[in-house]
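One structure is given below, encoded as structure tokens.
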Amino acid sequence: MRAQKAEGTKDLIGRDMRAWQRMQRVAAEVFEPFGFEAVETPAIEQLDVFVHGIGTSTDVVRKEMFRVFSGANLARVLGEGTDACLKPKQRLALRPEGTAGVVRSVVENNLVPQGGTPFKAWYAEAMFRGERPQKGRLRQFHQVGIEWLGAPDPAADAECIIMLMELYRRLGFDLSQLRLLINSMGDPACRPAYREQVRSFILDHADEMCDECRERAEVNPLRAFDCKNDRCREVMREAPLMRDHLCDDCRDHYEQVKRYLDAAGIAYVEDPTLVRGLDYYTRTVFEVEAPGAGVGSIGGGGRYDGLVELEGGKPTPGVGFAVGFERAMLALEAFGRPLADEPAPRVYVANAGADLRGEVFGITRELRAAGIVTEADYQGRSLKSQFKQADKLGAAIVCVIGGDEMAAGAVRVRDMRSHEEELVSRDTVVEAVHARL
RNA sequence: GUGGGUGUAGCCCAGUUGGCUAGAGCGCCGGGUUGUGGUCCCGGAGGUCCAGGGUUCGAGUCCCUGUACCCACCCCA
């Protein structure tokens with residue numbers, strides 16, 4: 001059997017790879033003026049970084065985490081059926097999202113000392129989740145995102161959203177085709193009481209709801225808002241909303257975020273049932289949908305003022321977001337605006353005889369040294385088929401070197417679009433090509 | 001974890017109630033007189049029909065098992 005890729009993985013080749021590179025480039029152009037620097041944290045972390053940060057009630061941690069074991073430890077795990085024998089450092093996992101690892105790094109390196117300058121970083125990395133793959137959902141996928149630590153002001157929340165929408169715009173989205181949902185999840189001052197209300201609400205209506213939601217009541221009641229079951233949705237429509245139970249500080253924060261968004265001309269929809277799947281969020285949460293594109297949300301984020309403490313650091317506010325590369329690409333395609341290719345102009349240097357390949361070799365070196373993307377024949381093809389190949393490569397110019405040209409100390413330069421040809425002297429080839437590109 | 005689908009040339013696929021020396025289109029390679037592309041014409045190469053087992057005179061076609069990938073549910077980017 002031929003070798004095959006692992007389930008839920010994808011090779012980034014050609015067009016796909018160019019799109020990923022393009023996305024990283026656009027991300028840098030959008031984020032860096034806001035003061036964000038690129039970072040890369042390890043794809044592999046101690047399991048606890050994710051367990052503590054993302055939360056044990058989330059599906060991400062409960063069933064989607066890729067655990068990593070060395071060969072020797074794997075044998076012990078399989079042999080004894082328990083991971084009690086594993087030391088903490090051997091409890092490893094692949095990152096399922098970007099925030100926890102960055103926060104771990106900030107804590108470990110003390111990058112935001114008490115009251116210090118905020119830490120602002122962006123990343124473009126592969127993430128790993130052990131789910132069953134489907135459209136727009138891979139086991140290894142890519143996200144670009146930012147993390148901003150040490151900035152409690154609602155302007156930071158708003159600027160994150162502004163950057164997020166600007167990223168979409170620069171990727172080619174028509175923002176009127178996207179939907180930005182926002183909500184506030186409250187904070188430790190108001191959420192526990194609200195959470196308790198939702199819990200008892202669900203328990204009061206337990207007989208009308210699905211098994212899973214009854215379980216959610218205890219584990220993570222707010223997620224019942226996400227249930228797809230029609231009856232549950234019906235019931236939850238009457239459930240108390242965080243919006244109506246925010247403490248004064250949270251309400252004020254939320255109002256200010258909205259004012260900043262209004263001032264920036266960002267269109268949004270308030271969704272009081274928006275509940276994101278990671279436990280660390282506080283106050284502002286947001287999500288971007290591409291209605292009709294057939295993929296879920298294409299990005300989202302929010303504030304996580306408690307996360308640094310969960311990772312063992314001093315209390316430090318944080319806010320950030322991530323965009324799913326593959327989903328964003330699917331949405332762009334669905335809207336008929338795939339991320340455009342940017343083919344660099346190419347030059348093809350053709351030989352009219354195998355004995356002239358030494359000369360071709362020299363000319364290609366000169367062109368490449370001048371920064372021009374240059375190709376030639378490496379298969380001993382006829383001149384005719386060299387032209388065919390040049391055409392397939394999208395060459396804008398073909399240089400021909402043959403017996404006549406050699407005798408005249410010249411090179412023939414053909415413009416493939418205009419079909420014009422000129423004979424230029426051998427030592428001015430680079431200039432002649434440059435002039436026609 | 002649950003359900004459904006698919007696996008035949010490089011690619012997208014056809015292969016009818018089992019009889020094939022396994023096909024089309026696209027792509028690829030070569031040629032269409034002396035050194036020139038995209039169109040057109042001619043020719044050509046290329047396949048352990050996912051794997052293993054079974055039924056049969058005979059299996060790409062039927063049965064079983066395995067495996068891979070895709071899609072959906074759940075959840076999420």
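Taking the listed residues A:ALA354, A:ALA350, the one that is touching a Cys at 6+ places or on another chain (Cβ under 9 Å), within 13 Å of RNA strand B (Cβ to nearest atom) and over 19 Å from A:GLU431 (Cβ atoms) is A:ALA350, with no other qualifying. When A:LEU222 is tested against (1) closer than 22 Å to A:VAL323 by Cα; (2) in contact (Cβ under 8 Å) with a residue 40 or more places away in the chain; (3) out of contact with any strand residue (DSSP E or B) (no Cβ under 8 Å at 6 or more places or on another chain), only condition (1) is not met.
Within region A:370-378, can one find any residue that is free of Cβ contacts under 8 Å to residues at least 40 places away in the same chain, near RNA strand B (Cβ under 6 Å from one of its atoms) and of a type in the set (Ser, Thr, Tyr)? Please lay out each step first, then the result.
In the first step, residues of region A:370-378 are kept if they are free of Cβ contacts under 8 Å to residues at least 40 places away in the same chain; the result is A:371, A:373-378.
Filter once more, keeping what is near RNA strand B (Cβ under 6 Å from one of its atoms): none.
No - not one qualifying residue is present in region A:370-378.
Under the condition of being within 6 Å of RNA strand B (Cβ to nearest atom) and among the hydroxyl-bearing types (Ser, Thr, Tyr), the residues counted in region A:379-433 number 2.
Residue under question is A:ALA344, and the condition is that it be near RNA strand B (Cβ under 9 Å from one of its atoms), closer than 30 Å to A:LEU171 by Cβ and not in a helix (DSSP H, G or I); does it hold? For A:ALA344, the condition - near RNA strand B (Cβ under 9 Å from one of its atoms), closer than 30 Å to A:LEU171 by Cβ and not in a helix (DSSP H, G or I) - is not met. Of everything in region A:35-59 that is under 23 Å from A:GLY313 (Cα atoms) and within 12 Å of RNA strand B (Cβ to nearest atom), the residue that is modelled with the lowest pLDDT is A:SER57. When A:ALA328, A:ALA390, A:ALA322 are screened for being under 30 Å from A:GLY150 (Cα atoms) and part of a helix (DSSP H, G or I), only A:ALA328 passes.
Okay, residues lined up against (1) assigned to a loop (DSSP other than H, G, I, E, B); (2) surrounded by 20 or more Cβ atoms within 10 Å (Cβ to Cβ):
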| residue | (1), (2) |
| --- | --- |
| A:VAL102 | no, yes |
| A:VAL106 | no, yes |
| A:PRO113 | yes, no |
| A:ALA155 | no, no |
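The condition of being of a type in the set (Ser, Thr, Tyr) and more than 30 Å from A:SER57 (Cα to Cα) holds for only one of A:THR316, A:THR284, A:THR273, A:THR364, that being A:THR364.
This table checks each residue for (1) of a type outside the set (S, T, N, Q); (2) in contact with a helix residue (DSSP H, G or I) (Cβ under 7 Å, 6 or more places away or on another chain).
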| position | (1), (2) |
| --- | --- |
| A:MET17 | yes, no |
| A:GLN24 | no, no |
| A:ALA28 | yes, no |
| A:PHE50 | yes, yes |
| A:GLY55 | yes, yes |
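Taking each residue of region A:200-215 that is among the charged types (D, E, K, R) and looking for partners that are in a helix (DSSP H, G or I) and away from RNA strand B (no atom under 13 Å from the Cβ) with beta-carbon atoms closer than 9 Å, six or more apart or interchain, yields A:GLU208/A:GLU234; A:GLU208/A:VAL235; A:ARG214/A:ILE202; A:ARG214/A:LEU203; A:ARG214/A:ALA206. Cβ separations smaller than 9 Å between residues 6+ apart or across chains give no pair from region A:392-421 residues that are closer than 26 Å to A:ALA344 by Cβ and modelled with pLDDT under 95 to residues that are near RNA strand B (Cβ under 8 Å from one of its atoms) and of a type in the set (Ser, Thr, Tyr). On the stretch given as region A:219-256, residues that are away from RNA strand B (no atom under 14 Å from the Cβ), in a helix (DSSP H, G or I) and under 23 Å from A:TYR280 (Cα atoms) total 13.
Checking the conditions here, which among A:ARG214, A:ARG259 is surrounded by fewer than 20 Cβ atoms within 10 Å (Cβ to Cβ) and more than 16 Å from RNA strand B (Cβ to nearest atom)?
Working: A:ARG214 fails: more than 16 Å from RNA strand B (Cβ to nearest atom).
Within the list A:ARG214, A:ARG259, the selection yields A:ARG259.
The values are calculated or read from the model by the stated rules, or taken from the named source; none is laboratory data. Not measured: the values here are computed from a predicted model. Neighbour counts are summed over all protein chains in view; Cβ atoms, including those assigned to glycine, are modelled from backbone coordinates with ideal geometry.
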